[in-house]
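The values are calculated or read from the model by the stated rules, or taken from the named source; none is laboratory data. Since the model is a prediction, treat every value here as computed from it, not as a measurement. As a convention, Cβ positions derive from the backbone with ideal geometry for all residues, glycine included, and neighbour counts pool all protein chains shown. The protein model used for the area step is the full one, side chains on, heavy atoms only, and it has no ligands, DNA or RNA in it. Shrake-Rupley method; radii C 1.70, N 1.55, O 1.52, S 1.80 Å.
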Amino acid sequence: MARKLPRLQRVLDAPALFSIAYGEIASSIYFALGIIALHALGFTPLVLLSTGLLFLIVSLSYAEGTAAIRETGGAATFVRIAFNDFWGFVTGWVLFLDYLIVIALSALFLPHYVAGAFFTKVHRPWDVVAGCGVIAGVAVIRLVHRTRLHRWALIVALVDLVTQLLIVVLGMALLFSPHALTVGTSLGKSPTWHSLAFAIPLAMLAYTGLETVANLAEETRRPGRDLPRSLFGAIGLVVVLYVAIAVVGLSAFPPKHGTLLASNWIRAPLVGIVTQIREQVPNVIGAPLQVFVGLSGALILLTAATTSISGFGRLAYSLGEHGQLPRRFGMLRPRTLVAPESIIAAALISIGLLVGTAALAHPVLFLASLFSFGVLLAFTAAQLAVIKLRFSEPNRRRPYRVPLSVGRVPIPSVVGAVLTFTVWVIAIDTHEGARLAGPAWLGAGLILYIVVRKSRGEGLLERVVSADEHRGLAEAEFSRILVPMKLGDIGEEMIATAVKLAQERGASVEALHVIRVPMELPLDAQLVDEEEEAEASLDEAKLLGAEHGVNVEGKTVRARSIGQAIVQEAQDSGADLIVLGSAPRWRRQSRFFSPTVDYVLKKAPSEVLIVAFPQGALEGDGARG
């Protein structure tokens, strides 16, 4: 069944979520390993392990938040609901920066992996030129085509997993050396305490993707169950593989007076490891292995850039529909399910980051430092929001809860918030990019937020409700929803709304098609066309329900009055919610609702939800009132 008003659809199941989560998080090692090794040296595996454990602690709060708040937006949505729109915007704005940096770094490193696959290298500034081309190409494709994450995620995740397992298994068998890991390593001297402190915030770059996964809450069939399981499974596997790859990398390039992994191979560290493996195996094995790792790395980085642009768009959509960005960012397009303005903004700003930092001595380190500013603030805010919601909304349904609570306080969230804020302070102290560029980005965002709110006539702290949020329904429970079928676009939106509500609350849906029989005909008159039309509409409703895991029952009745038939069926079936649509054409007349809607509102034995559409929102007003 077509849905004329584009919305995010719940199509992701547990395997697709795990694949997306693993692919998103595990892609970071392709550009993060060399950056971390540059400063952590022989302690790189330990730094990756410790930050991985911190990442796992943070993910506990994200799991509770996404399970309880089934909206897109991630940490920005948690904070908006827990505190107010202003702090929600601040969180979302710093997260924009992280999406943009992942796009920029993925595009910058991609040509280096392609070059490695062909046994050559690419040098500055051509990697920047190629990276800008990659971003522009992805943006153009995204403007005309909707990405199907759940279709490609499993393939990309499998390629990623095979690549990393090959490096770990062959590296451990052929390169592993305990001596190489410790040679030249002396805590406090090599690396120095300052270098180690510098490396810890950088290590957060190795664990990107948590926000992207959290942004899929509105597209997940069973977010309360599937999101936490998929997230924890993916993170656990990623941490183990990261530590193993770091061990292999330092065995291949011992950290004595620095490591070649962080100099010669900083922009293609996994290709660098494979060049060392090649020296230990026949060329007939080593050469194809390097080709595979180079091309698979390029594919994974391309996927990371693409999904980050989509993640940027989802976050912009959430902020736009809640009055935190211009309205156009909160309007989805049927072709892409992302506002074109979001795609263009993500592409232009990420290209600007690449070009603007190209003249710096260490542009990659600058971008990585800037990433830590945003991600650590967002992680801290998300955990504080989960704690706050335990007190402000204790009765909110939470399919998953952070374990180890004392009273209402989730201890892991408290510990995680303290740790992420501490690492953020370290980043501000040791990283020029975080200290200077981070606040500048935040200041620009605050100016935009003030302008947007003033133009809308809304307060900075005022809570703006999106068009598809229904006051009073957030905590309501419905077990049976009645939807009178209606021709045209409004009818399609009514059944889609009912299915969405039923999916979130575990309710069933009854689709009722009323055949209005004229007074001059008997009720049992032969109406072949009307019967066929009723059967077709009910079949489409059942199909939509099946696609979203909702049981939709169909029923056809004959009546003189549609309104009376709806009220009677609601009484007979025990429905506790009736979903009706209101066409814009009635608001151009003296009455606001059609006679049918007016009658049901007066006589209904249950609650009634009116889905009212603005003028011009639909291609047509529907065939019946």
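Under 5 Å between amide hydrogens, which residues at least 5 positions from residue 609 or on another chain qualify, with H placed 1.01 Å from N in the peptide plane?
Counting only residues 5 or more places away or on other chains, the set is 578, 579, 580.
Using the beta-carbon distance between residue 162 and residue 401 and R0 = 45 Å, what value does 1/(1 + (r/R0)^6) give for FRET efficiency, to the nearest 0.05?
Calculated value: 0.80.
Taking all protein chains in place and a 1.4 Å probe, what share, in percent, of the accessible surface of segment 508-584 do carbon and sulfur account for?
C and S fraction of accessible area: 47 percent.
Which distance in nm do the two modelled labels at residue 121 and residue 409 give, with both placed 7 Å along the Cα-to-Cβ direction?
5.4 nm
Can you compute 3J(HN,Hα) from phi for each residue in segment 427-436, using the Karplus curve 6.51 cos²θ - 1.76 cosθ + 1.60 with θ = phi - 60°, rounded to whole Hz and x for Gly and Pro?
4, 4, 6, 9, 10, 5, x, 5, 6, 9
Which whole-angstrom value gives the distance between the alpha carbon centres of segment 163-181 and segment 297-356?
38 Å
Please calculate the 1.4 Å probe accessible area of residue 265, with all protein chains present, and give it to the nearest 10 Å².
Residue 265 exposes around 50 Å² with every protein chain in place.
What does the charge count around residue 108 come to, taking other residues whose C-beta lies under 15 Å from its C-beta (Lys +1, Arg +1, Asp -1, Glu -1)?
Overall, the nearby charge balance is +2.
Any idea of residue 321's accessible area? Nearest 10 Å², probe 1.4 Å.
Surface accessible to solvent at residue 321 totals approximately 30 Å².
Once you've got the Cα coordinates, tell me which of 486/555; 486/542; 500/542; 121/189 are over 21 Å apart.
121/189
Could you check the simple spin-label distance between residue 435 and residue 169, using points 7 Å along Cα→Cβ, in nm with one decimal?
Once both label points are built, they end up 4.7 nm from each other.
Taking 0.36 nm per intervening residue step and subtracting the Cα-Cα distance, what contour gain separates residue 607 from residue 281 on full extension?
110.2 nm
Could you calculate the FRET efficiency of residue 528 with residue 598 from 1/(1 + (r/R0)^6), where r is the beta carbon distance between them and R0 is 25 Å, rounded to 0.05?
0.20
Leaving out ligands, DNA and RNA, what percent of the accessible area of segment 250-390 is carbon and sulfur, probe 1.4 Å?
68 percent
Over segment 509-551, with a single point scatterer placed on each C-alpha, what log10 of the ratio I(q)/I(0) does the Debye formula yield at q = 0.23, 0.26, 0.33 1/Å?
Per q value, in the given order, log10 I(q)/I(0) is -0.78, -0.89, -1.15.
Can you work out the FRET efficiency for the pair residue 561 and residue 328, with r the C-beta to C-beta distance and R0 = 35 Å, to the nearest 0.05?
The computed FRET efficiency comes out at 0.25.
For residue 183 and residue 543 in the same chain, what is the full-extension length gain: residue separation times 0.36 nm, less their Cα-Cα distance, in nm?
Once the chain is fully extended between residue 183 and residue 543, it gains 123.2 nm.
Using 0.36 nm per residue, how much length does the chain from residue 422 to residue 450 gain when fully extended, once their Cα-Cα distance is taken away?
Full extension of this stretch gives 7.1 nm more.
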